[in-house]
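Single-structure report; data block below.
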Amino acid sequence: MTSFTFPKDFLWGASSSSYQIEGALDVDGRGPCVWDTFAAAGKIQDGSTAAIACDHFNRWPEDVALMKQAGFNAYRFSLAWPRIIPAGSGAINAKGLDFYDRLVDGILEAGIRPMACLYHWDLPQPLEDAGGWQGREIVGPFAEFARVAAQRLGDRVKDWMMLNEPNVVAIFGYGLGDHAPGHHLGEMGMLKALHHQNLAQGAALRALAAEHSDFTLGTVINLQPCRAESDKPEDIAAAARWDAVWNRVPLDGVMRGQIPALLAEQMKDIVKPGDEEAIRFPIDLLGLNYYSRMTMKYETSHPFDVTWGDAHCERWTGMAWPVQPDGLYDLLAEFKRDYGNPAVFIAENGAAYEDVVEADGQIHDVERVAFLKDHLQAVGRAVQDGCNVKGYLCWSLLDNFEWAFGLSKRFGIVRVDYDTLTRTPKDSYRYFSEVVKSGQV
Ligand code: FCB
């Protein structure tokens, strides 16, 4: 294997999200969110809830210390909208802001750059009751939330990410119903949710740009190169269409102000005059979440007439996601080639596996170490080839509440024992820390 050296100012760290780690759902005036409702309806596969999760709300000093010890210089976390504005719009909850105030101070004291994400899926329930991402009425409240957060934290938090994976929210939350709020609205519901997130993002970016001129503004999208499983025309068409839905609506929305031509007809009643200008914004930093490619097959018995698995892949994670590090290189190369080489950072990359705690209490997660190594190599190669990659944040520091899978899927480089809440660094933590400290992979 070739070895790669990363730039001195490269951002190294981890990403997390409020709902997946904080717990304390009823504490200090936090309001209900769609995931609380979804869990209460029995939709979490292992029957768990995020009521305690990693108890990060109380144990964050220990978690920040783990990041410091690993040598991290960056940390992306999300701000829980229902903690800060419990009804989604209207009254501000001072105690909710106080929590993030303490957290941000602690992160900075550890010498780590706090990167705040505004929306990692914990939509306040009252906003969902009013239509959620199906309506454009949500745009104003989201921009207001952005403003409130920035007014309190913007003197110390300089990196602001708007959304996390709007495609997943739209497709699984509104199209298929596997995620909160659990709607089965099919293609139109999915496209509406995508477009309205793009609009809300555009409004929030403008609100933040007006707030402080020294912010680094961006958003986080998970991109998956889509390729056809065969050279049959219907598979090729399915791959092109799914690429438009999954990748291009969010990416070309913010970067180019464009609705993909393939979807223009379907989206013509959703997109109003002026929307394309409103969704476009010259962001400073694009967060990229990468887990795998998608290999598309036309299949009418499946939702949206496609399957996206890869029958030929030989390595799989515990989520049954194929392991395809070369897809990450391809994406970074694509940004350089087709999007003017914008500043990007890997905002999430990692893998769930069935970890085993050995008799000595250790977790020798060799598969996760190999996963990280292969993906870090792909990033190193992209940097060497001139791609404008600013950092790599793994998903995730801690095992956490993996949405509809509950606590059953472990993505952490640190194990969380959900009975005692003890944190135990895995081999992958030590491996990643070596890479971070040496700047080499
Ligand atoms: C991403 C999500 C993140 C986590 C990882 C495994 O899609 O952004 O919250 O669930 O997948």
TODO: For segment 11-438, with all protein chains present and a 1.4 Å probe, just round the carbon and sulfur fraction of the accessible area to a whole percent.
DONE: 51
Open item on the list: Restricted to Cα positions, what overall size does segment 289-367 have along the principal axes? Three whole-Å values, descending.
Closed with: 50, 40, 19
Task: Alpha-carbon Rg with Dmax, taken over segment 228-271, Å - done: 11.6, 33
Open item on the list: Using amide H atoms built in the peptide plane, which far-off residues or other-chain residues are under 5 Å from G391 H to H?
Closed with: L11, I346
Open item on the list: Please check: in the Gaussian network model of the chain (C-alpha springs, under 10 Å), which one of H364, H56, H120 has the largest mean-square fluctuation.
Closed with: H364
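Cα gyration tensor of segment 238-353, axes a ≥ b ≥ c as square roots of the eigenvalues: rounded (a/c below 1.5), prolate (a/b > b/c) or oblate?
Cα axes put segment 238-353 in the oblate bin.
Between M1 and N58, what's the calculated FRET efficiency when r is the beta-carbon distance and R0 is 35 Å? Round to 0.05.
0.25
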Open item on the list: If the elastic network links every pair of Cα atoms under 10 Å, which of R241, R337, R152 fluctuates the most in the Gaussian network model of the chain?
Closed with: R337
Task: Estimated [θ] at 222 nm from DSSP helical runs (n ≥ 4, -39500 (n - 2.57)) normalised by residues in the chain, nearest 500 - done: -11000 deg cm²/dmol
Task: S438 versus S408: modelled label distance in nm, points set 7 Å from Cα along the beta carbon direction - done: 3.8
Task: Length-normalised contact order for segment 11-438 - Cα pairs under 8 Å, 6+ apart - percent - done: 17
Task: FRET efficiency estimate (nearest 0.05) - Cβ-Cβ, D269 to C313, R0 41 angstrom - done: 0.60
Open item on the list: Through the Karplus equation 6.51 cos²θ - 1.76 cosθ + 1.60, θ set to phi - 60°, convert the phi angles of segment 164-174 into ³J(HN,Hα) values in whole Hz; use x for Gly and Pro.
Closed with: 10, 6, x, 5, 5, 4, 5, 6, 8, x, 10
Task: Formal net charge of residues neighbouring A333 (Cβ-Cβ distance under 13 Å; K, R +1; D, E -1) - done: -2
Open item on the list: Give the separation of the Cα centroids, segment 314-346 to segment 239-292, in Å.
Closed with: 18
Task: A87-A320 pseudo-label distance in nm [points 7 Å out on the Cα-to-Cβ vector] - done: 4.3
Open item on the list: Between Y429, Y290, Y418, where does the largest GNM mean-square fluctuation fall for the chain, given springs only between Cα atoms within less than 10 Å?
Closed with: Y418
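For segment 11-438, take N as its residue count and report Rg(C-alpha) divided by 2.2 N^0.38 Å. Display every interim value, and only then the final one.
Details: Rg = 20.2 Å, N = 428, 2.2 N^0.38 = 22.0 Å.
Taking the Cα Rg and dividing by 2.2 N^0.38 Å, one obtains 0.92.
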Open item on the list: Can you give me the accessible area per residue for the chain, using a 1.4 Å probe, in Å²?
Closed with: 36
Task: Modelled label reach - R227, point 7 Å along Cα→Cβ, segment 296-313 residues with backbone N closer than 14 Å - done: 296-297, 309-313
Open item on the list: For A370, project a label point 7 Å along Cα to C-beta. Then give me every residue of segment 305-338 with its amide nitrogen under 13 Å of that point.
Closed with: 314-318, 323-325
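The values are calculated or read from the model by the stated rules, or taken from the named source; none is laboratory data. Just so it is clear, the structure is predicted and the values come from calculations on it, not from any experiment. Cβ coordinates were reconstructed from backbone atoms using ideal geometry, including for glycine residues, and neighbour counts include every protein chain displayed. All accessible areas refer to the heavy atoms of the entire protein, side chains included, with ligands and DNA or RNA removed. Shrake-Rupley method; radii C 1.70, N 1.55, O 1.52, S 1.80 Å.
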